[in-house]
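Structure first, then comments.
The values are calculated or read from the model by the stated rules, or taken from the named source; none is laboratory data. On a predicted model such as this, the values are computed, not experimentally measured, just so you know. Glycine also receives a Cβ, built like all others from the backbone with ideal geometry; neighbour counts cover every protein chain displayed.
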Amino acid sequence: MIVDEAHNLPSRVAGHYSFSLHAQDLATWALQAENALLPHRLVILLEQASAWIQDLPLDETLDGLAALELQGFLQDIAASLGTLCAGGGRVLDA
């Protein structure tokens, strides 16, 4: 038996390479990080990224410059988390 679902393939593949990031998620993570007494730098980065996303027009697709800005936020957040993990579970304020 052959089931032809090839017409669904492009959208499914595109869905695997797409992501969404919501300002409210970042704001929630910032609050949780603050409540957990994680480094203040991480809280600030999450708040800044949330505000940046919140300021984007709803229908805007990221252009190259905006994508680089977002990438910078995410790299800074990752570095802050890496610093935290490198401390063996201790809170390091970088």
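For the reader, a short list of remarks on this structure follows.
- Candidate set: segment 9-35, residues that are in a loop (DSSP other than H, G, I, E, B) and either closer than 19 Å to ASP76 by Cβ or of a type in the set (Lys, Arg) (or both); chosen: the one modelled with the highest pLDDT: HIS22
Every residue, every condition in (1) part of a helix (DSSP H, G or I); (2) charged (D, E, K, R); (3) in contact (Cβ under 8 Å) with a residue 12 or more places away in the chain, yes or no:
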{"residue": "LEU45", "(1), (2), (3)": "yes, no, yes"}
{"residue": "ALA51", "(1), (2), (3)": "yes, no, yes"}
{"residue": "LEU58", "(1), (2), (3)": "no, no, no"}
{"residue": "THR61", "(1), (2), (3)": "no, no, no"}
{"residue": "LEU65", "(1), (2), (3)": "yes, no, no"}
{"residue": "LEU74", "(1), (2), (3)": "yes, no, yes"}
{"residue": "ILE77", "(1), (2), (3)": "yes, no, yes"}
{"residue": "THR83", "(1), (2), (3)": "yes, no, yes"}
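- Cβ pairs under 8 Å, 6+ apart, first in segment 13-29 and more than 14 Å from LEU58 (Cα to Cα) and surrounded by 14 or more Cβ atoms within 10 Å (Cβ to Cβ), second modelled with pLDDT of 65 or more and hydrophobic (A, V, I, L, M, F, W, C): LEU26/LEU46; LEU26/ALA49; LEU26/ILE53; ALA27/LEU46; TRP29/LEU46
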